[in-house]
1. Output yes when any residue across the range 81-93 is in contact (Cβ under 8 Å) with a residue 12 or more places away in the chain and not in a helix (DSSP H, G or I), and no when none is.
2. Quick one: what pairs do we get from the range 154-173, first residue farther than 13 Å from V34 by Cα, second of a type in the set (D, E) and assigned to a helix (DSSP H, G or I), C-beta under 8 Å, 6+ apart or different chains?
3. Quick one: which of L73, L39, L47 is crowded, with 22+ Cβ neighbours inside 10 Å, over 14 Å from the mean Cα position of the chain (by Cα) and part of a helix (DSSP H, G or I)?
4. Give me the pairs: first residue in the range 132-152 and touching a residue at least 60 places away in the same chain (Cβ under 8 Å), second residue surrounded by fewer than 18 Cβ atoms within 10 Å (Cβ to Cβ) and not in a helix (DSSP H, G or I), beta-carbon distance under 7 Å, and six or more apart or on different chains, which are they?
5. May I ask you to list the residues in the range 25-36 that are closer than 20 Å to I124 by Cβ, out of contact with any Ser or Thr (no Cβ under 6 Å at 6 or more places or on another chain) and surrounded by 16 or more Cβ atoms within 10 Å (Cβ to Cβ)?
6. Name the pairs whose Cβ atoms lie under 6 Å apart, with the first residue in the range 175-199 and within 12 Å of Y33 (Cβ to Cβ), the second of a type outside the set (A, V, I, L, M, F, W, C), and 6 or more positions between them or separate chains?
7. Those residues that are surrounded by 12 or more Cβ atoms within 10 Å (Cβ to Cβ) and not hydroxyl-bearing (S, T, Y), I need them from the range 84-96; list them, please.
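What follows is calculated from the coordinates using simple rules that are stated; it is not laboratory data. For clarity, every value in this text was computed on a predicted model and none was experimentally measured. Virtual Cβ from ideal backbone geometry, glycine too; neighbours counted across all protein chains shown.
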Amino acid sequence: MREHQPLHIKVRPVLRSRLGKLLIGVAIFEVGYVAAALLILRATQLLTLTLGLNSATQIALLLYAGYNAAATLASVPAGRVGDRSSMTLVLTIGFGLFMLAYLGFAVQFPSVLLLALSFSLAVIAIGCIETSQHASVASLAPTELRGSAFGFLTAVQSFGNIVASAIAGALWTLFSPTVAFPYLAAWMLISLGVLLRLTIRQSS
């Protein structure tokens, strides 16, 4: 009979050194990362002002369908960049692109061109992040800490998504999207700063 070993995530060892800095950057990102549905809602809201509700809803549905497909396609070149340089660099690029996308969604006046640009940035960003997030953790985690590192990452992703959606939704409801999206962009900026420092140290 094999003795049952309780599940135990080693938090302190995981948070030390470069792996810890990476996970802190990811945690900050997750606090500011919201689902694509919020972007679709914002697009519908802006497009309704110029195109009417029916046309705006149809375009928003097309954007939602295209978002996931395009993100999958964007992950291919993102993976190639990561193989040639580093996955941490790809992750850093994704954080920066999300910051720009959120700032684009914060703009009050309706613009199909700006919405298309913002969606494009968000699509490339999620393609970068989905490709590189786990790979970055795996590249920095020692073998004996890899399970704990991925456990910590999963916990951060779950908790961060709840917090991000709750706070962004509250800011949208109580104030406006022009408050909610800059708030999200601020978290992207902080996470970008953390990852930039890590990326520079890796390359030096």
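1. Looking through the range 81-93, at least one residue is in contact (Cβ under 8 Å) with a residue 12 or more places away in the chain and not in a helix (DSSP H, G or I).
2. If the second residue must be of a type in the set (D, E) and assigned to a helix (DSSP H, G or I), the pairs left are V156/E30.
3. So the residue among L73, L39, L47 that is crowded, with 22+ Cβ neighbours inside 10 Å, over 14 Å from the mean Cα position of the chain (by Cα) and part of a helix (DSSP H, G or I) is L47.
4. Listed by first residue and then by second, the contacts come to L145/K10; S148/I9; S148/K10; G151/I9; F152/I9.
5. Once the filter is applied, which keeps residues that are closer than 20 Å to I124 by Cβ, out of contact with any Ser or Thr (no Cβ under 6 Å at 6 or more places or on another chain) and surrounded by 16 or more Cβ atoms within 10 Å (Cβ to Cβ), the range 25-36 yields V26, E30, G32, Y33, A36.
6. Note: pairs meeting the criteria are L184/G32; L184/Y102; A185/Y102; W187/G32; M188/G32; S191/G25.
7. Across the range 84-96, the qualifying residues are M87, L89, V90, L91, I93, G94, F95, G96.
Residue-wise test of (1) closer than 14 Å to V31 by Cβ; (2) more than 16 Å from the chain's Cα centre (by Cα); (3) surrounded by 16 or more Cβ atoms within 10 Å (Cβ to Cβ); (4) of a type in the set (A, V, I, L, M).
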position	(1), (2), (3), (4)
L115	no, yes, yes, yes
I126	no, no, yes, yes
S136	no, no, yes, no
F150	no, yes, yes, no
A155	yes, no, no, yes
T173	no, yes, no, no
S176	no, yes, no, no
A180	yes, no, yes, yes
V194	yes, no, yes, yes
